[in-house]
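See structure below.
The values are calculated or read from the model by the stated rules, or taken from the named source; none is laboratory data. No experiment lies behind these values; they were computed from the predicted model shown. So basically every Cβ, Gly included, is an ideal-geometry build from the backbone, and we count neighbours across all protein chains shown. SASA here: full protein model, heavy atoms, side chains in, ligands and nucleic acids out. Shrake-Rupley method; radii C 1.70, N 1.55, O 1.52, S 1.80 Å.
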Amino acid sequence: MEVMEKTRTRVYRFGNKTADGSSKMKNLLGGKGANLAEMSVIGIPVPPGFTITTEVCTEYNELGKETTVNLIKEEIESAVENIEGTMGSVFGDQDNPLLLSVRSGARVSMPGMMDTVLNLGLNDKVVQGLASKTGNERFAWDSYRRFIQMYGGVVLGMKPESKDDIDPFEEIMEHLKRKREIELDTQFTVQDLKDLVYDFKDAVKKRTGKNFPTDPWEQLWGAIMAVFNSWNGDRAVYYRKMNGYPAEWGTAVNVQAMVYGNMGENSGTGVCFTRDAATGENVFNGEYLINAQGEDVVAGVRTPQQITKLGSQRWAELAKIEENDRAANYPSLEELMPTMYKELYKYQDILEKHYRDMQDMEFTIQDGKLWILQTRNGKRTGAAMVKIAMDLLKDGQIEEREALLRIDPNKLDELLHPVFDPKAIKRANIIAQGLPASPGAATGQIVFFAENTKKYKNTILTRIETSPEDLEGMNLAKGILTARGGMTSHAAVVARGMGKCCISGAGALKIDYKNRTLTVDGKEYHEGDWISLNGSTGNIIEGKVATCQPELSGEFAEVMKLADKYATMQVRTNADTPKDAQVARNFGAQGIGLARTEHMFFEVDRIKAMREMILADTVKGRKNALEELLPMQRADFEGIFEAMQDLPVTVRLLDPPLHEFVPHQLATQKELAEDMHISLAAVKGKVAELHEFNPMLGHRGCRLGNTYPEITEMQTRAIIEAALNLKEKGITAKPEIMVPLVGTYEEFVAQEKVIRETAQKVFEEYDDTIEFLVGTMIEIPRAALMANKIAEKAEFFSFGTNDLTQMTFGYSRDDAGKFLPIYLEKGILKVDPFEVLDQEGVGQLVKMATERGRSAKPQLKVGICGEHGGEPSSVEFCHTIGMNYVSCSPFRVPIARVAAAQAAISGK
Ligand code: PEP
Ligand code: MG
């Protein structure tokens, strides 16, 4: 078996300005491991260590623990020896101990998703050595208790037993604090820490039935296996699914020499960004804590201080802290440790220039020596993504194509979403202020637990702080509010990644989980009460606040201009009203790819005429009712054509089954009977007659037009008359009349005949003509198979991939909701084929039909108008097979434009 091969390198070393790997090896070494190697090579001071490859994670999943250990044992022992050499200390040694950190690292960053163990290698003897080596007994015992706590949680499963439960180790600490009448961890004495270590180990023994492992090598193997296991833990699996990352990727394991930010006042640790992750502004920023370890910053337990003086002053202004107070009590790193700051500034500059992108770095200062623990391309909001890409382009760091490839099309969505209505916000009652952790506006009902986010339609997840367990709830909530934590807390980082509004560190909030209340300034709010968050200012507002669409930045327009420069495929929109058409046009739509005419019939004043048409028993009765509908349809088309003047507009003839238009409730049936002066029984009879067992495959699409040609006549007349009326006003309309749900050549030809004859009649009446096309949707597999025949007559094809997916998979669009979630959960399907085009299966039909269509008519215009037309991977596919355009909902037009440009750049 190939994976068993022993000679392959499974462990890559780094440190001391050399490395076995490089940043190009992300798939094998994970993002973190690849970057550590790269940093080491370019002279950044990283603690030495090694990376166990992602392939080993896969081997572990296939072969189990024992075989995996055998495969990597020798390499690991020699790599540890190598670290010992660089650090001048020995793993497990009692006098001069080397301690290690063990972290996960997948090929993409998954913040907080997997586990980390720090201070590994400590036991009752080694702790003494650490104390005498550092001359700091308190530090040694604090590290030891932290190690047992982390190792216990991650490797030995010492976790809270239920959601409302407190962490078993925290419980012991709280108990001791109460007994000792102290509040902070820093107030523990050395003896307290020793007691804690004893009690922690006791708790481990009681709960797991085993002694806490004292052998450093046993500890190391345990931690490595726990990281591999965490790849298949609930949090990681959920995160992977949410982002579509396959299980086969696996995680790497990074083992590194420990460096300490908690060795006293000359030590510290922090997180920093080379640019502002929320706005994209080109300012170095970040947070740090003196005398602390990494997890203290992200856990949000202590509120961190700012790295730069400017950042610190901005923070103080928001927190309403006087300058004197700020400088004395919350100084920036720049003010407190100027030399360290300068060095850090130098490295952030080197790293950003090296990676040519915004970096998110972690660092530790150990007794006056700066170490960079990791760097990665920073997560950012959609707005920051756009600004950073354009700024780097202007700086000359990247070129146009690269700038476009830096845009995640899906993230543009955030920029297009609502902000608070400026008028409504003027009247808002601001009840508290927090940190503006992730911009945007959100309004919703308060819930305190992630699982309750399903309880209401719009929720604000309100927590003291969040943890990775809350991820699903954070995803469902409209906004996230935390009482604790800084700009780099879990809540802040995750929310920014999701593009979700978040306010963190709102210290004025008193949250009581038990009673489910939030108290601010003596006023109590309960679960279900409405609040609103302004993630851009940190304002927490009482009640509901109306929202409106945001204004788009100059950089957004620049991205769009670039997209148009490189895209070769056009982007149209699916719009049924002049208003939607206008919105889409403002977003750069180059035409309408689908106007669903049935939507026009559902409006109150039209449904009556529509129902009369349906209930009519004779052609004459139907024609009379259609006469009434004609002026309304014509006016609709005039509005749409005008909004889209000079651009093509594809109008689809009536598609849904008629039963959708008739009333199904007794009261409305009675009303209709009275209105139409017919009996209730007649109405009921017609409703029963229209009933279908499978309407999706029933009397719909061109089957309606072919059985009731007068409907097609009326719609054609409305389209052509509208275009001619506009022509008189000097407005050019370019209608493309589309026949839905065609399966056979004859179905299309029969409808085409009605359309062309009607148009001819109207031309004669007006004594004028316009240009128009007649084409078809390809949404039935048979039509795809017969595409060459149909293309003899059809002037264009538009793939209706909603129906084509339905009929190719045999999944009813109406009923798939019952089993698709389970299929996704079980991995039977990787993604929902109604969202992401199934290129493997349905895609074959699309490709084949395009080729066959063009074999009959080389100039055949081909587009897509199913929901997939706005989904980036599907857009890329459409480009690859040579479509002329994709068509999507107005708000997805910018996304599709960028996706189309990226597809062209990637040259697939
Ligand atoms: C389709 O089937 O893809 C389509 C666009 O039409 P509808 O969704 O209206 O059936
Ligand atoms: Mg359809």
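Using the Cβ-Cβ distance between Glu551 and Asn329 with R0 set to 25 Å, the FRET efficiency from 1/(1 + (r/R0)^6) comes to roughly 0.05. Our estimate of slack between Ile678 and Ile731, defined as 0.36 nm per intervening residue step minus the Cα-Cα distance, is 14.7 nm. Projection of the Cα convex hull of the chain, averaged over all directions and equal to a quarter of that hull's surface, yields 42.7 nm².
Taking a sphere under 12 Å around the Cβ of Glu765 and counting the other residues whose Cβ falls inside, with K and R at +1 and D and E at -1, yields a net charge of -2. Given R0 = 35 Å, the distance between the Cβ atoms of Thr9 and Arg356 translates into a calculated FRET efficiency of 0.80.
The packing ranking, built from the mean of other Cβ atoms within 10 Å per residue, places the peptides 678-688, 349-359, 860-870 in the order 860-870, 349-359, 678-688, highest first. Simple point charges give the picture: +1 on the Cβ of Lys and Arg, -1 on the Cβ of Asp and Glu, and for segment 147-237 a dipole about the Cα centre of about 260 debye. Averaged over residues, the count of other Cβ atoms within 10 Å places the peptides 206-218, 894-906 in the sequence 894-906, 206-218, highest first.
With all pairs of separate Cα atoms included, segment 2-257 yields a Kirkwood hydrodynamic radius of 19.2 Å.
Taking Cα atoms only, the orientation of helix 604-615 departs from the longest principal axis of the chain by about 60 degrees.
Taking the alpha carbon gyration tensor of segment 638-790, multiplying each eigenvalue by 5 and rooting it gives semi-axes of 31, 22, 13 Å, largest first. For the chain, the solvent-accessible area with a 1.4 angstrom probe is 42 square angstrom per residue. If Lys and Arg each add +1 and Asp and Glu each add -1, what is the summed charge of the other residues whose beta carbon sits under 10 Å from the beta carbon of Val108? So the surrounding residues net to +4. One decimal place: the segment Gln645-Glu451 gains 64.9 nm when fully extended, by the rule 0.36 nm per residue minus the C-alpha distance.
Evaluated at q = 0.10, 0.11, 0.22 Å⁻¹, a Debye calculation over the C-alpha positions of segment 418-548 (equal weights, vacuum) places log10 I(q)/I(0) at -0.24, -0.30, -1.34.
Under the simplified labelling scheme, the Leu785-Lys210 pair shows an inter-label distance of 6.0 nm, with each label point 7 Å from Cα along Cα→Cβ. Among 381-393, 718-730, 78-90, sorting by the average number of other beta carbon atoms lying within 10 angstrom of each residue, highest first, gives 381-393, 718-730, 78-90. Spin-label model, Lys608 to Ile822: label points 7 Å out along the Cα-to-beta-carbon direction sit 4.7 nm apart. R0 = 35 Å: FRET efficiency of Ile182 with His526, Cβ-based, nearest 0.05? The value I calculate is 0.60.
Share of carbon and sulfur in the accessible area of the chain stands at 49%, probe radius 1.4 Å.
Given their separation in residues at 0.36 nm each and the Cα-Cα distance between them, Lys73 and Arg813 gain 261.1 nm when the chain is fully extended. Charged side chains reduced to their Cβ positions (Lys and Arg at +1, Asp and Glu at -1) give the chain a dipole of some 260 debye around its Cα centre. Against the empirical 2.2 N^0.38 Å (N residues), segment 268-380 has a Cα radius of gyration ratio of 1.01.
Restricting the calculation to Cα atoms, segment 722-869 yields a radius of gyration followed by a Dmax of 18.4, 63 Å. In this simple spin-label model, placing a label point 7 Å from the Cα along the Cα-to-Cβ direction at both Asp164 and Val749 gives a separation of 7.3 nm. Each other residue within a Cβ distance under 14 Å of Thr186 adds +1 if Lys or Arg and -1 if Asp or Glu, for a net charge of 0.
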